[in-house]
Amino acid sequence: RRSNALVFLFDPTQHGPLRPQLQQVSADPQLSSHGRNYSQAEVLDEVLERIRRRRGVTGVDRISSPMIIAVTKMDVWEKCLEGGPLPDDLELTSQSGQPAIDLESVDRISQRTREWLRSSCPEIVHAAESQVEQVFYIPTSSQGTSPEYDQKSQMLMVKPSTLAPRMA
């Protein structure tokens, strides 16, 4: 069986080279020196290579299924984007009286996110675009807020009352 689309979650807070830039715009505790740090570009390369082998994609040919790179924790990195904040939600249009996602809006948001990634961590953009024909970069924030350090439990916690998930 084949997927009609591919999805990869990219967490900028766990990408070591981005941390100094993110620490300038956010006090998120996940950006501390104790936070997780690993090469997500290597993971993306390996995943795409396995998909290529399984589908028989060879040489310079690219995977034909579109890929979405969901760039998580938008609440932490959004201030790094040129041109100000992203819209709160995807714009809806009407197609024959039915709501529909405005694909031009999705493309504009994807391009702005791609440009930030291209300048800040080009290895992610290169890994995706060198192996996949069509890539969309979609900003997301599952919580919409940073966790806080709880002294009592000695853990990072999110207060339910502060949750404000977003997908630009």
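The values are calculated or read from the model by the stated rules, or taken from the named source; none is laboratory data. In this text the structure is predicted, and so the values were computed from the model without any measurement. Neighbour counts are summed over all protein chains in view; Cβ atoms, including those assigned to glycine, are modelled from backbone coordinates with ideal geometry. Calculation scope for accessible area: heavy atoms of the full protein, side chains included, ligands and nucleic acids excluded. Shrake-Rupley method; radii C 1.70, N 1.55, O 1.52, S 1.80 Å.
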**Asked** Is it the case that Pro87 is closer than 22 Å to Leu22 by Cα, within 15 Å of the chain's Cα centre (by Cα) and in contact (Cβ under 8 Å) with a residue 60 or more places away in the chain?
**Response** no
**Request:** Go over the candidates Leu22, Leu6, Leu31 one by one and state the one that is within 16 Å of Ala127 (Cβ to Cβ) and open to solvent by less than 60 Å² (accessible area, probe 1.4 Å).
**Result:** Leu6
**Item:** Subset of the range 26-82 [within 15 Å of the chain's Cα centre (by Cα) and small (Gly, Ala, Ser)]
**Value:** Ser39, Ala41, Ala70
**Message:** I'd like the full set of residues that are part of a helix (DSSP H, G or I), at pLDDT below 85 and of a type in the set (S, T, N, Q), limited to the range 15-53.
**Reply:** Gln30
**Asked** For the subset of the range 39-48 comprising residues that are free of Cβ contacts under 8 Å to residues at least 60 places away in the same chain and out of contact with any strand residue (DSSP E or B) (no Cβ under 9 Å at 6 or more places or on another chain), which member is most open to solvent (accessible area, probe 1.4 Å)?
**Response** Glu42
